[in-house]
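The values are calculated or read from the model by the stated rules, or taken from the named source; none is laboratory data. Remember, it's a predicted structure, so these values are computed and weren't measured experimentally. A quick note on method: Cβ atoms are made from the backbone with ideal geometry, for glycine too, and the neighbour counts reach across all protein chains shown.
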Amino acid sequence: MDGNYLLSVEQMAIRVYAAETGLQIAHRPCAQQIHCLAVADDGRRILLGNADGSVMLINLDDILGDQRSPPCKIYRVFSPNAA
């Protein structure tokens, strides 16, 4: 299952885990409190919904850096507090 990741959202950060091992491989702090996330079908972009109603589009490659190994399959994981 190499190349598979899990994303989690906490209040002001995104964490990326290796699906096979469950180990955290990346962490990105955010300036706004995050309420939810969505992942593009291609697995390359993440849209974050922030507490102030704004959204932020980021590239997964920017979070993973050298950790990414194509092809990548993303499992969608949502914050339990998201509306």
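Within the bounds of region 75-82, is there any residue that is surrounded by 12 or more Cβ atoms within 10 Å (Cβ to Cβ), modelled with pLDDT of 85 or more and in a strand (DSSP E or B)? No, the conditions are met nowhere in region 75-82. Taking region 20-32 as the range and being crowded, with 16+ Cβ neighbours inside 10 Å and assigned to a loop (DSSP other than H, G, I, E, B) as the test, the residues that pass are C30, Q32. Note on region 3-19: residues that are within 14 Å of L60 (Cβ to Cβ) and part of a strand (DSSP E or B) amount to 11.
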